[in-house]
Amino acid sequence: MADVLVVGSGAREHIFAQTFLKSPHVNQVFVAPGNPGMQTPGITPVALTTIPDLVKFAQDKAIALTFVGAEKLLAEGLVDAFEAANLPVFGPTQAAAQLESSKAFTKKLLHDYKIPTAMSQTTHSLPQAQSVLAQHAYPVVIKLDGLALGKGVHICQTAQEANTVINAIYTKYADAVLVIEDYLEGVEYSIFSFVGPKQVVHTPVAQDHKRLLDHDKGPNTGGMGAYSPVRWLSEADIQTAINQLVMPVLSAMEAEALPFRGVLYTGVMQTAQGPKVIEYNVRFGDPEAQVVLPQLQSDLFENLLDLQQGRPTQMHWQNQDVYLGVTLAAPGYPEQQLQNLAIPTLPNDIQIDYAGVTKVENTLVSRGGRVLTAVSHDKTATEAQAHVYAALNQRADDFIYRRDIGQQAVAFEKMEGL
Ligand code: AMP
Ligand code: GLY
């Protein structure tokens with residue numbers, strides 16, 4: 001029997017831990033640092049956060065596979081350190097993680113290899129940014145280079161708004177690198193691919209809801225809810241996006257001697273001119289993982305170990321139901337958040353993946369921004385949505401959550417008479 005290590009502390013890591021634990025080969029899943037909401041038989045949080053401590057733990061416990069949830073430690077070289085110590089790990093090296101950690105690197109790669117994306121320019125100073133903006137069409141998108149946790153993107157309608165944004169950025173970070181790009185009109189969804197040296201496996205696609213408020217208003221967040229599969233997209237559209245956006249970037253990374261391994265997250269904008277890349281991430285999405293992983297019918301541990309070691313593998317996914325997840329966040333998210341709110345008890349048929357929670361006198365209370373994801377599934381998005389909101393209604397009033405997760409799928413089903 002094998003022990004697995006999942007690195008991270010959010011709802012995404014919680015669902016990964018639960019999915020690994022379903023494998024008959026897995027004895028126990030450690031989550032570093034995890035959170036007290038995860039502690040159930042077979043899942044053990046361990047208070048470790050640094051790369052050397054994680055390497056030592058994996059050695060001491062003879063961990064059979066390590067999986068990393070968030071981008072930060074990947075960008076800091078966790079995989080390089082594990083590989084140097086001969087420890088099995090599923091993820092990208094520090095060099096390959098640039099696909100997420102540097103927007104400037106990725107934009108150049110996309111332009112060099114002619115992979116469809118918004119036209120962009122990279123600037124290194126305030127005067128340079130001002131001169132690009134003076135020539136630009138509006139709306140314009142301004143992105144701060146480096147890991148910004150979903151908060152580094154500004155969509156500006158006017159030159160005045162754009163200049164306010166760049167002035168604020170250069171006042172705060174004198175050496176900021178900005179990517180200034182065309183605004184893409186279209187619908188957004190995400191493709192997730194498990195990438196091994198010999199094989200790439202795609203999961204069902206998902207749609208995330210990044211803005212804080214209903215009807216896509218308010219600031220960008222890490223993600224307020226998601227659903228999967230996305231039935232308003234045709235199989236042909238998804239295949240086109242895989243062929244034009246996913247596989248070519250993997251080939252480009254090979255050609256640049258930066259072979260990519262691990263989870264590739266492709267943020268797609270489906271435009272009138274076809275699919276275009278909004279961004280790549282080098283890890284699974286949160287909350288998308290919470291609605292995609294429960295659809296897996298094969299053995300995640302076996303699948304990822306096979307992929308990592310270059311053996312052929314088959315991942316099987318359900319396609320009967322739509323899985324829909326709603327993020328509960330503490331009031332004030334994404335800025336200052338209220339702490340120590342009691343976590344609601346939800347009906348047993350709701351999947352709960354915990355994130356920003358802690359234990360005070362044996363009860364779970366909120367500790368961070370996103371507190372948990374509540375997930376339900378049903379034959380249609382309409383039914384799954386009704387089910388999850390019925391569970392949250394009156395129980396989750398102390399928290400903020402969007403009331404319209406899955407609305408695009410619900411509207412599609414209505415139109416199709418489903
Ligand atoms: P990113 O951090 O690059 O994923 O951007 C966050 C969000 O900003 C995306 O999910 C999109 O909704 C939006 N966005 C980013 N780039 C563009 C673009 N070029 N055109 C339109 N919307 C964009
Ligand atoms: N849900 C968006 C992300 O994980 O980046």
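Placing pseudo-labels 7 Å out from each Cα toward the beta carbon at ALA386 and GLU83 gives an inter-label distance of 5.1 nm. At full extension, LYS359 and ASN243 could sit 37.1 nm farther apart than now, given 0.36 nm per residue minus the alpha carbon distance. Under 20 Å of direct C-alpha separation, and excluding same-chain neighbours fewer than eight residues apart, LYS414 reaches these lysines: LYS379.
Using 0.36 nm per residue of separation minus the Cα-Cα distance, give me the extension gain between HIS111 and ASN27 in nm, one decimal.
On the way: separation 84, 0.36 × 84 = 30.24 nm, distance 4.59 nm.
Net length gain for the segment: 25.7 nm.
Considering only the Cα atoms of segment 164-225, their convex hull presents on average a projected area of 7.4 nm². Estimated from the Cβ-Cβ distance and a Förster radius of 30 angstrom, the FRET efficiency linking THR164 and GLU76 is about 0.40. Full extension of the chain segment joining GLN128 with SER234 gains 34.0 nm, where the gain is 0.36 nm per residue of separation less the Cα-Cα distance.
Under the simplified labelling scheme, the GLN309-THR271 pair shows an inter-label distance of 4.4 nm, with each label point 7 Å from Cα along Cα→Cβ.
Counting only helical runs of four or more DSSP H residues, what would the 222 nm mean residue ellipticity of the chain come to if each run contributes -39,500 (n - 2.57) and the total is spread over all its residues? Walk me through the numbers on the way to the answer.
Details: 14 runs with 122 residues, N = 418.
That calculation yields -8000 deg cm²/dmol at 222 nm.
Place a label point 7 angstrom from the Cα of THR40 along the Cα-to-Cβ direction, then list the residues of segment 1-31 whose backbone nitrogen is under 15 Å away. It comes to 11-23, 28-31, nothing else. Per residue, the solvent-accessible area of segment 172-247 (1.4 Å probe, heavy atoms of protein chains only, all protein chains present) comes to 43 Å².
Averaged per residue, what accessible area in Å² does segment 1-118 show with a 1.4 Å probe, protein chains only?
Working: 4460 Å² over 118 residues.
Using a 1.4 Å probe on heavy atoms only, each residue of segment 1-118 averages 38 Å².
Give, as ranges by residue number, the residues of segment 1-41 whose backbone N falls under 14 Å from the point 7 Å along Cα→Cβ of ASP53. Only 7-9, 31-35 pass the distance filter. The relative contact order of the chain, computed from alpha carbon pairs under 8 Å that lie at least 6 residues apart in sequence, is 16 percent. Once both labels are positioned 7 Å from their Cα atoms along Cα-to-Cβ, the gap between THR171 and LYS61 label points is 4.6 nm. Let's test the formula: R0 of 22 Å, r as the Cβ-Cβ distance of ALA342 and GLN394. What FRET efficiency results, to the nearest 0.05? Efficiency computed from Cβ-Cβ geometry: 0.95.
Mind ranking 387-394, 154-161 by how tightly packed they are, going by the mean number of other C-beta atoms within 10 angstrom, highest first?
387-394, 154-161
Taking a straight line from the alpha carbon of LYS103, these lysines sit under 18 Å away, with near neighbours fewer than eight places off in the same chain left out: LYS72, LYS114, LYS143, LYS151, LYS276.
Sorting the segments 115-127, 61-73 by their residues' average number of neighbouring beta-carbon atoms within 10 angstrom, most packed first, yields 61-73, 115-127.
Quick check: at a probe of 1.4 Å, how many percent of the accessible area of the chain sits on carbon and sulfur atoms?
Working: 9110 of 17750 Å².
Ligands and nucleic acids excluded, carbon and sulfur give 51 percent.
Per residue, segment 301-418 exposes 49 Å² of solvent-accessible protein surface, assessed with a 1.4 angstrom probe and all protein chains in place.
When the alpha carbon gyration tensor of the chain is reduced to an equivalent ellipsoid, the three semi-axes, largest first, read 31, 27, 23 Å. Computed over protein heavy atoms with a 1.4 angstrom probe, the accessible surface ordering of MET247, MET38, largest first, is MET247, MET38.
The values are calculated or read from the model by the stated rules, or taken from the named source; none is laboratory data. Keep in mind the model is a prediction, meaning the values are calculated, not measured. As a convention, Cβ positions derive from the backbone with ideal geometry for all residues, glycine included, and neighbour counts pool all protein chains shown. Just the protein is used for accessible areas: all its heavy atoms, side chains included, with ligands, DNA and RNA removed. Shrake-Rupley method; radii C 1.70, N 1.55, O 1.52, S 1.80 Å.
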